[in-house]
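Right, one structure below, let's go through it.
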Amino acid sequence: MIHNSIQIFSGGFSTNAVSFEHVREKLTAALSRFPVHKVLMGWSTEGKAGLASKELYLKTGEFLAKHNIELYLWFPVFSETTTIRLLHALIDLDGVPVHHKNTSSNENFSFCCPNNPDNIEMILDIYEKEFSSIPFKGIFLDKIRYPSFAQDTVFSCFCPYCQRKYKDNNFDVELLKKSLSISRQTPLGITAYHGSGRYDFEDPVIKRFFSLKSSFIFESLNYITGYFKSKNLDIGLDVFAPFLSPFVGQDLPALSGLCSFIKPMMYRITNAPAGLPFETESLLHKTGFSETGKRLAFDKILGINSKEIPFSLGFASNELKNLSASSACPVYAGIEINRKEIAKTGPDYIEETIKSFLDTGIKGLALSWDLLDVPVENLDAVGKLFR
């Protein structure tokens, strides 16, 4: 049986929460069309129209309990938390703090250092103060990474704390700078891709840098997930598509051992962060390979056409097949069913994507990323597949 999860964005840390009536209306529409097992909801801490966020989560939980559906807190970790805590910023290779500019009031994609223990304790303090009194079944951890190519640079963090970690691991940051100054025939000198985020590089220095980033994220998340497990919370992880994951410090097979389910964001049509075409174009642009002739070398390595939108369905499905085989926990494929200017989804897109994904060995779907922006015809498209 396929396990269906739905995401609901209740609002950002700095914005008012949505109304319970709106949430109930959209959930009722979804539940009348297809089975739902989990709702992943967050992360507003403010109230709207006299309804505090806590009351919103409590009312939603009571509604879902009547339908035997679990409520998880959707909680961002290394980004967005900077809006309500003074966290230690990322430092780039030039020693400059990384501040991503975003005009959205809901998400700013401003990341903090994931290694600094002070950051981790302040982030957990947000949970304690704002959410610990609410009886969630589990917690769905988002933004568990470094910035991607779409957010300034993947070459971070090099704060004093991280510099010591590199030194302790016998990694020479000056050699990395030298390696990055060399002109190569493919982005970062990638020579092959083997699935599940495993790349070969011309230069072992670059390969080791990304490997260390993934080990640092794993160490921090091992501590963070241990904290939530001690609270008897089930844990889900929101992650990048496998072929993009190494650049943001995510070793998906390793991370899958820390949680109850893992959700790779396989957003084939989204022109925004985590969207496959958007992130791939950002990778090519930031590495100087966005011109048609240059991008062909990378496309050949992956076996895709990176200008194809929606992004290659065959490649995305193969990514899920490889991840399902290497994951220590169930894989829930993230597919966008909301409709926005940056994600112009429709019934045909939803049907062909889900049909293909269901043949890959995944255990569930994460219908993303916000139920409140899903038109009726898209809900009908999902329902058609489960009738």
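The values are calculated or read from the model by the stated rules, or taken from the named source; none is laboratory data. Values in this document were obtained by computation on a predicted structure and should not be read as measured data. When we count neighbours, we look across all protein chains shown, and the Cβ atoms used for this are built from the backbone with ideal geometry, even at glycine.
In segment 199-243, the qualifying residues are those that are in contact with a Ser or Thr (Cβ under 7 Å, 6 or more places away or on another chain) and of a type in the set (A, V, I, L, M), and the one that is surrounded by the most Cβ atoms within 10 Å (Cβ to Cβ) is 239.
Within segment 277-302, the set of residues being among the acidic types (Asp, Glu) and either assigned to a helix (DSSP H, G or I) or within 17 Å of residue 199 (Cα to Cα) (or both) comprises 279, 281, 299.
Mind listing just one residue for me: the one in segment 276-312 that is of a type in the set (Val, Ile, Thr) and either surrounded by 17 or more Cβ atoms within 10 Å (Cβ to Cβ) or touching a strand residue (DSSP E or B) at 6+ places or on another chain (Cβ under 7 Å) (or both) and, of those, nearest to residue 180 (Cα to Cα)? Taking the candidates together, the pick is 287.
Return the residues of segment 44-79 that are assigned to a loop (DSSP other than H, G, I, E, B), among the polar types (S, T, N, Q) and closer than 24 Å to residue 123 by Cα; say none if nothing qualifies.
Across segment 44-79, the qualifying residues are 44, 45.
Tallying residues that are within 26 Å of residue 359 (Cβ to Cβ) and in a strand (DSSP E or B) within segment 1-31 yields 5.
Taking the residues in segment 317-342 that are out of contact with any Pro (no Cβ under 9 Å at 6 or more places or on another chain) and of a type in the set (S, T, N, Q) as candidates, determine which candidate is surrounded by the fewest Cβ atoms within 10 Å (Cβ to Cβ). Here the residue is 318. The set of residues from segment 112-149 being touching a strand residue (DSSP E or B) at 6+ places or on another chain (Cβ under 9 Å) and of a type in the set (Asp, Glu) comprises just one member, 142. The single condition among (1) more than 22 Å from residue 38 (Cα to Cα); (2) touching a residue at least 60 places away in the same chain (Cβ under 8 Å) that residue 376 does not meet is (1).
If you filter segment 333-387 down to residues that are outside any helix (DSSP H, G or I) and among the polar types (S, T, N, Q), you find that the one that is nearest to residue 22 (Cα to Cα) is 338. Looking only at segment 277-295, residues that are acidic (Asp, Glu) and at pLDDT 95 or above come to 2 in all.
Given the structure, is residue 82 closer than 28 Å to residue 264 by Cβ and in a loop (DSSP other than H, G, I, E, B)?
It is false that residue 82 is closer than 28 Å to residue 264 by Cβ and in a loop (DSSP other than H, G, I, E, B).
Residues in segment 164-176: is at least one of a type in the set (A, V, I, L, M), in contact (Cβ under 8 Å) with a residue 24 or more places away in the chain and closer than 22 Å to residue 277 by Cα? No, because not a single residue in segment 164-176 is of a type in the set (A, V, I, L, M), in contact (Cβ under 8 Å) with a residue 24 or more places away in the chain and closer than 22 Å to residue 277 by Cα. Checked across segment 32-43, the condition of being part of a helix (DSSP H, G or I) and surrounded by fewer than 22 Cβ atoms within 10 Å (Cβ to Cβ) holds for no residue. Take the residues of segment 89-131 that are among the hydroxyl-bearing types (Ser, Thr, Tyr) and exposed (fewer than 14 other Cβ atoms within 10 Å of the Cβ): which is modelled with the lowest pLDDT? Per the stated criteria, the residue is 103. Going by what's in this entry, would residue 386 be described as closer than 22 Å to residue 150 by Cβ, touching a residue at least 24 places away in the same chain (Cβ under 8 Å) and over 22 Å from the mean Cα position of the chain (by Cα)? For residue 386, the condition - closer than 22 Å to residue 150 by Cβ, touching a residue at least 24 places away in the same chain (Cβ under 8 Å) and over 22 Å from the mean Cα position of the chain (by Cα) - is not met. Please indicate, with yes or no, whether at least one residue in segment 122-133 is out of contact with any Leu (no Cβ under 6 Å at 6 or more places or on another chain), among the charged types (D, E, K, R) and part of a loop (DSSP other than H, G, I, E, B). So far as segment 122-133 goes, no, none of its residues is out of contact with any Leu (no Cβ under 6 Å at 6 or more places or on another chain), among the charged types (D, E, K, R) and part of a loop (DSSP other than H, G, I, E, B). Taking the conditions exactly as written (surrounded by fewer than 16 Cβ atoms within 10 Å (Cβ to Cβ) and either within 24 Å of the chain's Cα centre (by Cα) or not acidic (Asp, Glu) (or both)), does residue 187 satisfy them or not? When the stated conditions are applied, residue 187 does not pass them.
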